[in-house]
1. Quick one: of Lys151/Lys194; Lys137/Lys207; Lys18/Lys197; Lys87/Lys194; Lys155/Lys207; Lys155/Lys194, which pairs are farther than 25 Å apart, Cα to Cα?
2. Kindly state, to the nearest 0.05, the FRET efficiency for Ala150 paired with Arg79, given R0 = 35 Å and r defined as their beta-carbon distance.
3. Going by how many other Cβ atoms sit within 10 Å of their own, how do Arg138, Arg99 line up, fewest first?
4. Using only DSSP helix segments of four residues or longer, with each worth -39500 (n - 2.57), what per-residue ellipticity at 222 nm results for the chain after dividing by its residue count and rounding to 500?
5. Return a whole-number percent for the relative contact order of the stretch 52-110, with Cα pairs under 8 Å and 6 or more residues apart as the contact set.
6. Separation of the stretch 154-185 and the stretch 44-111 by C-alpha centroid, Å?
Amino acid sequence: MALECDLPAASRSAPHHKFPDPPEDLPTTGGPQSIVLAGGCFWCVEAVYRQLDGVLDVTSGYAGDQESTANYEAVCSGRTRHAEVIKIDYDPARISLGRLLKVYFSAAHDPTQVDRQGNDHGRQYRSAIFYADEDQKRVAESYIHALDAAKVFQKPIATTLEPLETFFRAEAYHQDYAARNPYQPYIAGVSMPKVEKTRQYFPDQLKS
């Protein structure tokens, strides 16, 4: 993980108060649901979502390729099709898929960067939503179209929509990494600004 620089002006989004809600969403009833998201280093994205009310658990892992290459050394080589991802288990009665996606696009990462986040380069750092079914795909796709049409970002959104075949849990030392290593330079310099941005943008969605 390399230290990430500030986002370039070309990819900055509109002010948060003008950031639109998703035009479609899933029902807020039923039991726990899950969604798998890739937005660069999984340490950063995991830390963003762990603080949100309605999020039951967040697991760092890999998605996009076979089990034989679902390990940190292979994925970091950039020679696999895996992305570093998080699996969010959530209660739809307390936080919807649309709300999770709004956090994803507005605060968790820069969705306009292709195969990178800041100084982290490679397809393992791509922006991607791994959908479990057609309903998840429809909600995500409609939101991407709406954000692009509204020109929320100064560059087109590069987030790919990929069917989730298998989620592979990452090694134990990656789980809850930011909370356990708050003074590690990458966490302090990259993860925590995203955590603080989320707290600023979504104060009504934070766990007590």
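1. Lys137/Lys207; Lys155/Lys207
2. On the way: r = 37 Å, r/R0 = 1.06.
Result of the calculation: an efficiency of 0.40.
3. Values: Arg138 14, Arg99 20.
Arranged by neighbour count, lowest to highest, Arg138, Arg99 become Arg138, Arg99.
4. Details: 6 runs with 51 residues, N = 208.
When only DSSP H runs of four or more count, the value is -7000 deg cm²/dmol.
5. Details: 62 pairs, mean separation 24.5, N = 59.
After rounding, I find 42 percent.
6. Spelled out, the Cα-based centre of one part sits 5 Å from the other.
Each value in this text was obtained by applying a stated rule to the coordinates, not by laboratory testing. No experiment lies behind these values; they were computed from the predicted model shown. As a convention, Cβ positions derive from the backbone with ideal geometry for all residues, glycine included, and neighbour counts pool all protein chains shown.
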